[in-house]
1. Looking at this structure, is residue 54 buried (at least 19 other Cβ atoms within 10 Å of the Cβ) and closer than 26 Å to residue 129 by Cα?
2. So residue 235 fits all but one of (1) in contact with a helix residue (DSSP H, G or I) (Cβ under 8 Å, 6 or more places away or on another chain); (2) modelled with pLDDT under 85; (3) outside any loop (DSSP other than H, G, I, E, B); what number is the exception?
3. Among the listed residues 294, 264, 301, identify the single one that is more than 20 Å from residue 382 (Cα to Cα), part of a helix (DSSP H, G or I) and not assigned by TED's automatic domain parsing to the domain that holds residue 130.
4. Pick out, from the stretch 311-411, the helices (runs of 4 or more DSSP H) lying fully within it that include 1 or more residues that are at pLDDT 90 or above and in contact with a strand residue (DSSP E or B) (Cβ under 6 Å, 6 or more places away or on another chain).
5. Residues that are free of Cβ contacts under 8 Å to residues at least 60 places away in the same chain, in a helix (DSSP H, G or I) and closer than 15 Å to residue 4 by Cα: does the stretch 144-166 have at least one?
6. Among the candidates 61, 29, single out the residue that is in contact (Cβ under 8 Å) with a residue 24 or more places away in the chain and on the phi > 0 side of the Ramachandran plot.
7. For a quick check of your reading of the model, give me the residue pairs whose first member lies in the stretch 195-213 and is within 28 Å of residue 227 (Cβ to Cβ), whose second is modelled with pLDDT under 70, with beta-carbon atoms closer than 6 Å and at least 6 apart or on different chains.
8. In the stretch 57-68, which residue that is in a loop (DSSP other than H, G, I, E, B) and buried (at least 18 other Cβ atoms within 10 Å of the Cβ) is modelled with the lowest pLDDT?
């Protein structure tokens with residue numbers, strides 16, 4: 001249910017929120033820059049705070065409280081963003097960044113619960129179920145928002161700016177309402193400590209854990225090389241996912257109505273695409289399929305420099321949806337095959353942390369190029385460097401050797 005709840009943020013972010021910031025709050029060249037850098041800033045703050053939140057939540061058996069606190073703080077930021085007048089641009093942007101930080105931080109205790117409510121036989125099924133609920137939960141408020149924009153004025157709901165704010169309010173209410181079952185039902189396992197670990201001590205503990213993990217990762221060269229490759233191509237992927245609609249909005253003049261339909265299509269195609277790529281990786285191998293996916297991503301960026309019509313962009317959207325979920329899924333699976341079992345939780349935690357930290361670079365680069373050139377398509381094409389570097393490093397990985405290194409550490 002929390003996947004269902006927070007996916008409203010993911011889909012309405014790249015439709016309503018993007019359009020509101022770029023066309024209403026900060027029209028002109030500044031809007032896309034502010035949107036890109038706002039996301040980058042939120043990711044940076046979340047990357048710094050995530051290990052501290054995780055350490056405190058684990059030490060004090062307080063994942064439930066942290067899930068509630070971060071989720072409802074994000075909800076409050078969304079509601080504030082909807083209520084702040086659109087001419088108060090920097091207050092709107094402050095609420096936007098806070099909403100992004102809270103969204104990312106809420107995933108830390110939420111993901112931590114997965115190991116407590118499953119066993120080795122059910123973890124994949126439960127995780128996949130949450131993934132599916134996320135696609136459905138992201139699509140439903142998207143449809144509601146689309147209907148509001150299409151028919152809202154007939155019912156006296158105001159002009160474009162008012163409709164944007166109503167839909168951002170919908171984002172917050174959806175996120176908050178459907179978070180309640182998870183917050184109400186989930187409980188931390190194990191007894192609460194007699195004395196809670198203070199925040200400064202938790203921060204020191206978290207920094208120490210990151211240092212120990214870096215030292216441990218260096219003992220597995222194949223895994224370390226994979227993590228470096230992932231940092232590059234994941235940054236490119238995450239930036240494309242959050243910024244591609246800027247190209248549609250600014251360079252191709254997609255209306256808000258068309259943005260809704262585009263993102264809804266991507267949501268519906270992404271799930272079967274992920275299943276298809278998973279099936280191919282079982283038969284052809286993880287590394288060849290992952291390299292093929294990165295080649296498709298690179299081709300999409302080159303195509304972005306050439307297209308001048310909406311139909312071509314729709315076709316690109318279908319292709320992106322087919323490889324989007326699958327690239328992430330195969331990446332996680334490939335890491336799992338070259339990770340020692342006794343370091344699984346530690347290394348996957350670092351995998352998530354490093355992914356957040358590196359995801360700052362792409363949005364900053366994207367926003368900077370728009371600021372300098374005013375061309376969203378040039379900003380999109382510039383992301384090609386992340387995929388080229390990631391693929392070049394990935395091509396050097398010997399998966400069989402990585403498995404041997406992981407297996408050798410268990411003996």
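The values are calculated or read from the model by the stated rules, or taken from the named source; none is laboratory data. Keep in mind that what you see is a predicted model, and the values were worked out from it rather than measured. Backbone-built Cβ (ideal geometry, glycine too); neighbour counts: all protein chains shown.
1. Details: buried (at least 19 other Cβ atoms within 10 Å of the Cβ): yes; closer than 26 Å to residue 129 by Cα: yes.
Yes, satisfied.
2. Of the numbered conditions (1) in contact with a helix residue (DSSP H, G or I) (Cβ under 8 Å, 6 or more places away or on another chain); (2) modelled with pLDDT under 85; (3) outside any loop (DSSP other than H, G, I, E, B), the odd one out for residue 235 is (2).
3. Numbers: 294 fails: more than 20 Å from residue 382 (Cα to Cα); 301 fails: more than 20 Å from residue 382 (Cα to Cα).
It is 264.
4. Working: elements: 344-358, 361-373, 376-382, 384-395, 399-408.
Ranges flagged: none.
5. Pass one, the stretch 144-166, residues free of Cβ contacts under 8 Å to residues at least 60 places away in the same chain: 144, 147-148, 151-159, 162-163.
Then keep just the ones that are in a helix (DSSP H, G or I); that gives 144, 147-148, 151-155, 162-163.
Remaining after also requiring closer than 15 Å to residue 4 by Cα: 144.
For the stretch 144-166, residues free of Cβ contacts under 8 Å to residues at least 60 places away in the same chain, in a helix (DSSP H, G or I) and closer than 15 Å to residue 4 by Cα: present.
6. Values: 29 fails: on the phi > 0 side of the Ramachandran plot.
Answer to the check: 61.
7. 213/346; 213/350
8. Filtering the stretch 57-68 down to residues in a loop (DSSP other than H, G, I, E, B) leaves 60-62.
Retained after the next criterion (residues that are buried (at least 18 other Cβ atoms within 10 Å of the Cβ)): 60, 62.
Working: 60: 77, 62: 80.
Among residues in the stretch 57-68 that are in a loop (DSSP other than H, G, I, E, B) and buried (at least 18 other Cβ atoms within 10 Å of the Cβ), the one modelled with the lowest pLDDT is 60.
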